[in-house]
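The values are calculated or read from the model by the stated rules, or taken from the named source; none is laboratory data. Bear in mind the structure is a predicted one, so any value in this text is a computation, not a measurement. Cβ atoms come from the backbone with ideal geometry, glycine included; neighbour counts cover every protein chain shown.
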Amino acid sequence: MLKAISERKSMFIAELPHRGVIEIEGEDKAAFLQGLISNDISLVTATQAIYAALLTPQGRFLFDFFIIEKDGTFFLDVESVRHEELLKKLNLFKLRSKVTLKMRPDLKVYALWGEENLPMEAYPDPRLKTLGARLIGQTDPNASAEEYDLHRLKLGVPEGGIDLLPEKAILLESGLDELNAISWTKGCYMGQELTARTKYRGLVRKRLFPVKIEGGSPENGAEVLLGDTPVGEMRSSRNSYGLALLRIEAAKSGDSLTCGEASLKPYIPDWMVVEEPS
């Protein structure tokens, strides 16, 4: 699908083996997804993807994915270790909808970053321009998945399954509003009530923050302390960067945070809007 992109030295291309592809066809495919996902399926085109989540009825995170359309078919870029689980979940909701869903193990997912002029086959990452782009198909990488992981951690962008914990994470605590995963105008979807109530009542008291790490990478889930007081939990990390779910006042205090033998310095990237709890 893509010819010699890797020859462009200013563009990095990494295959993402932790991502997989689900194909959705059928005349009811848009209406089927619209009632389930957090974003508006009508925004999807052959050149514009959306980022969206599937929630529990209680508004907790289950899955996140990208959706793009090609030749009248939707392709979902999803977490590979759980994409069979997602496929089963979607089939439960299919009922009499005229849709067919199947995994596409022949298609791979790539991240592209470092150059603004994207090839036709790629689509801009709908979360942040600075993340680059995604591509579903086959091409030759010139960078590693680990390099891309560090790129997204520096930007403070969470990854489903490791930063967004299934049945625990809340979209607004995870920055998914600013990362364009939520439509506030599309109408009802599963978990919409809690998501809206959290936003309009100002109930967000903790957030995922990017952190600069000194002293080694803490384990995912390790307790974060301000002095002797627990203020959050570590999420994923690589080299000297990571993400941590922190109480907002602790993250903005400027005081030193610790996690095991490591010290953490939270920072607020340009895209993130952090409001004090009401």
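Quick rundown of the values:
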{"quantity": "Residue within region 103-113 that is among the small types (G, A, S), surrounded by 15 or more Cβ atoms within 10 Å (Cβ to Cβ) and part of a loop (DSSP other than H, G, I, E, B) present", "calculated": "no"}
{"quantity": "Residue selected from region 37-56 under the condition over 16 Å from the mean Cα position of the chain (by Cα) and polar (S, T, N, Q), by the criterion farthest from I136 (Cα to Cα)", "calculated": "T56"}
{"quantity": "Pair list, Cβ < 6 Å and 6+ apart or interchain, from region 199-218 residues that are touching a residue at least 60 places away in the same chain (Cβ under 8 Å) to residues that are of a type in the set (V, I, T)", "calculated": "R207/I248"}
{"quantity": "Region 60-71, residues that are part of a loop (DSSP other than H, G, I, E, B) and either β-branched (V, I, T) or more than 16 Å from the chain's Cα centre (by Cα) (or both)", "calculated": "D71"}
{"quantity": "Pairs with Cβ under 8 Å, 6+ apart, first in region 15-29 and touching a residue at least 60 places away in the same chain (Cβ under 8 Å) and small (G, A, S), second surrounded by fewer than 19 Cβ atoms within 10 Å (Cβ to Cβ) and in a strand (DSSP E or B)", "calculated": "G20/M103; G26/T100"}
{"quantity": "Enumeration of residues in region 1-34 that are modelled with pLDDT of 95 or more and assigned to a loop (DSSP other than H, G, I, E, B)", "calculated": "L16, P17, H18, G26, E27, D28"}
{"quantity": "Hey, I50 aliphatic (A, V, I, L, M), farther than 24 Å from L194 by Cα and crowded, with 19+ Cβ neighbours inside 10 Å or not", "calculated": "no"}
